[in-house]
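Asks: The structure that follows is given in the form of structure tokens.
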Amino acid sequence: MAKVLGIGGLFFKANDTQATMQWYVRVLGLELTDWGGVVFQPAGLAAQPGAGTVFSAMGSDTDYFAPSTKDFMFNFVVDDLDGVLAHCKACGVEPVKLFPEDANGRFAHIMDPDGRKIELWQPKPMPAA
């Protein structure tokens, strides 16, 4: 049977697309392509043991996305959570939540200028299967 291989893209609405994308460049260091989007190559994720792309539904009553009122959030894999948070702070962006390290690694939440929650995840290597 034919099957889905992964997530090929994530597209979202923004109040001011150029300002929003420039915020992601300035605060999170994303690199824009000539056409204005970002392409994450598989090698970057593969270099982080324990990282993967998660696709999961949460209950409609979850408060995990708060204070965002959006129905989704972004989760970005990072190689150095402390370093990313320090850069965010230098850009005037403070975390809305920090989590203690757990079996999956370390997490922190920030908000983008349009009110979307962003989860930053520094994965912990997964045990061998």
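The values are calculated or read from the model by the stated rules, or taken from the named source; none is laboratory data. All values derive from a computational prediction rather than experimental measurement. Every residue, glycine among them, receives a Cβ derived from its backbone with ideal geometry; neighbour counts consider all protein chains shown. Protein only, heavy atoms only, side chains kept; ligands, DNA and RNA dropped before computing areas. Shrake-Rupley method; radii C 1.70, N 1.55, O 1.52, S 1.80 Å.
Asks: Considering (1) touching a Lys or Arg at 6+ places or on another chain (Cβ under 6 Å); (2) modelled with pLDDT of 95 or more; (3) on the phi > 0 side of the Ramachandran plot; (4) not aliphatic (A, V, I, L, M), say which one Gly92 fails and leave the rest.
Replies: Looking at each condition in turn, Gly92 falls short on (1).
Asks: Cβ contacts < 8 Å: first residue in contact (Cβ under 8 Å) with a residue 40 or more places away in the chain, restricted to the stretch 1-29; second residue among the aliphatic types (A, V, I, L, M) and part of a loop (DSSP other than H, G, I, E, B), any location; separation 6+ or different chain. Result?
Replies: Thr20/Ala14; Tyr24/Leu30; Tyr24/Val38; Val27/Val93
Asks: Is it fair to say Ala108 is within 15 Å of the chain's Cα centre (by Cα) and at pLDDT 95 or above?
Replies: yes
Asks: Can I ask one more? Looking for whichever is out of contact with any His (no Cβ under 7 Å at 6 or more places or on another chain), open to solvent by less than 70 Å² (accessible area, probe 1.4 Å) and at positive phi here; the options are Gly83, Gly105. Which one fits?
Replies: Gly105
Asks: Still on this structure, please answer the following. Assess whether Leu120 counts as being more than 25 Å from Gly8 (Cβ to Cβ), surrounded by 15 or more Cβ atoms within 10 Å (Cβ to Cβ), touching a strand residue (DSSP E or B) at 6+ places or on another chain (Cβ under 8 Å) and not aromatic (Phe, Trp, Tyr).
Replies: When the stated conditions are applied, Leu120 does not pass them.
Asks: While we're here: Select from the stretch 14-59 the residues that are open to solvent by 60 Å² or more (accessible area, probe 1.4 Å) and more than 24 Å from Asn104 (Cβ to Cβ) and list them in ascending order.
Replies: Those that are open to solvent by 60 Å² or more (accessible area, probe 1.4 Å) and more than 24 Å from Asn104 (Cβ to Cβ): Asn15, Asp16, Thr17, Gln18, Gln22, Arg26, Glu31, Leu32, Asp34, Trp35, Val39.
Asks: I need every pair where a residue in the stretch 94-111 that is polar (S, T, N, Q) has its Cβ under 8 Å from the Cβ of a residue that is in a loop (DSSP other than H, G, I, E, B), sequence separation at least 6 or different chains.
Replies: From residues that are polar (S, T, N, Q), the pairs are Asn104/Gly50; Asn104/Lys124.
Asks: Please determine, by comparing only the residues of the stretch 1-13 that are open to solvent by 80 Å² or more (accessible area, probe 1.4 Å) and of a type outside the set (Gly, Ala, Ser), which one is farthest from the chain's Cα centre (by Cα).
Replies: Met1
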